[in-house]
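The values are calculated or read from the model by the stated rules, or taken from the named source; none is laboratory data. Model, not experiment: these values are computed from the prediction. Glycine gets a Cβ as well: all are built from the backbone with ideal geometry, and neighbour counts include every protein chain shown.
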Amino acid sequence: MVDLPVTKLSWTAFDNLNLMEKAACMCDGGREYHVLYAQQFGRERLDHLGRLATAIRRLAKTKEGMHELQKMLPHKRAMLYFAQPSSRTFLSFAAACQILGMPVAEVRDTSVSSEFKGESKEDTVRTFSSYFDFIVMRTQIDGLAERMAWVLSNSERPVPIINAGSGKDQHPTQALLDVYTLQRSFEERDGIDGKVIMFVGDLARGRTVRSLAWLLTNYDGVRQIFVAPPELQIGEDIQALLRERGVEFRLTEDFDASLREADAVYMTRIQDEWDSVAGESRRINTDRFHFQPRHLDILKTNAVIMHPFPRRQEIDIAVDTDPRAVYWRQMRNGMWIRAALIADLFRCDAMIQSDSVRRCG
Ligand code: NCD
């Protein structure tokens, strides 16, 4: 049974901690147990998970390698609890479990679960923990995943929770796949250190950007540029975290000028599902923040264009054929890094990286 720091705390005591303290409470000796916040991951862990994802990716190329991977976790079961729409995150978690031989069940619509009969979230999640060995959870409520992690940690079956997107707040596994994509893209250019990363779009409500901006603080000399109309600019809380970590960053509306400097451009869509008044976002003109084919001439020849997807008009589909557009590869990386995260959670990492298994790849 894991003995996490969070187990010893009342909800109020836990809830009063700052983010870094909360992050530490959810880790088991430096390794994340519940995966809730980007703030749980340091440089060493990012390097380890990236290496593990690559080992899994290589093994999965052959029948023998895949067979070895599927022997890792057939004795564990995963619950995918997605109370908010999802394509990539849901499917890549399902695929990651399949790669490791782990059976999966899902609830994707609370109207077909007992929540519809008035069951509390707490009871729902405890029910899942009665049958499954870990829970991947997407919800529109900020902070709900951490509350559930606290509930489970103080129950008789404290199975791990992975936050697959919580409200407008955090999306740590998306940030992991984004970092893995950056690691791979800059493999031959001394890695992520010293690079300029530009974020574009709805940075106020985009949870992927909020998590990734923090993960990037683990790298030396990374500069961050946040490009958005004032109404959609990155939150004060993230800016404060970046300042605290001594990160160089700026907020601007100048898309073209920023593009000339960028090593990676991270595009995002307008998150209008969060509008407080219907149609509110539509009144903000975001056309000048769209990546058009003409921008390919401005962009550095060795830069990369990323997007967590789904996309709307913010990247013209004509851009897809440019070799710098890596968003489809980025999407696939989500499957590898999530498989790595799950393998690591259940301590199969050393086995996957052992010589005897590696030889099967
Ligand atoms: C993102 C999300 O759900 O936050 N999508 C994803 O997980 N790939 C981004 C978005 O919905 O715009």
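Among the conditions (1) buried (at least 20 other Cβ atoms within 10 Å of the Cβ); (2) not assigned by TED's automatic domain parsing to the domain that holds residue 199, the only one that residue 346 does not satisfy is (1). Among the residues of the range 229-265, write down those that are of a type in the set (A, V, I, L, M) and in contact with a strand residue (DSSP E or B) (Cβ under 7 Å, 6 or more places away or on another chain). Result: 234, 242, 247, 251, 259, 262, 264, 265. Please work out if residue 67 is within 18 Å of residue 352 (Cα to Cα) and within 20 Å of the chain's Cα centre (by Cα). Criteria not met by residue 67.
Take the conditions within 16 Å of the ligand (Cβ to nearest atom), under 24 Å from residue 303 (Cβ atoms) and outside the structural domain of residue 85 (by TED's automatic domain parsing) and apply them to residue 209. Does it pass?
On the way: within 16 Å of the ligand (Cβ to nearest atom): yes; under 24 Å from residue 303 (Cβ atoms): yes; outside the structural domain of residue 85 (by TED's automatic domain parsing): yes.
Answer is yes for this residue.
Among the residues of the range 313-335, those that are more than 15 Å from the ligand (Cβ to nearest atom) and either of a type in the set (A, V, I, L, M) or crowded, with 20+ Cβ neighbours inside 10 Å (or both) comprise 317, 318, 319, 325. If you filter the range 7-18 down to residues that are modelled with pLDDT of 95 or more and assigned to a helix (DSSP H, G or I), you find that the one that is surrounded by the most Cβ atoms within 10 Å (Cβ to Cβ) is 14.
Taking the numbered list (1) closer than 18 Å to residue 180 by Cα; (2) more than 16 Å from the chain's Cα centre (by Cα); (3) not charged (D, E, K, R) in turn, residue 83 passes all entries but (1).
Scanning the range 130-185 for residues that are β-branched (Val, Ile, Thr) and either over 22 Å from residue 327 (Cα atoms) or at pLDDT below 95 (or both) returns 135, 136, 139, 141, 151, 159, 161, 162. When the residues of the range 75-96 are narrowed to those that are more than 22 Å from residue 158 (Cβ to Cβ) and surrounded by fewer than 16 Cβ atoms within 10 Å (Cβ to Cβ), which ends up modelled with the highest pLDDT? It comes out as 91.
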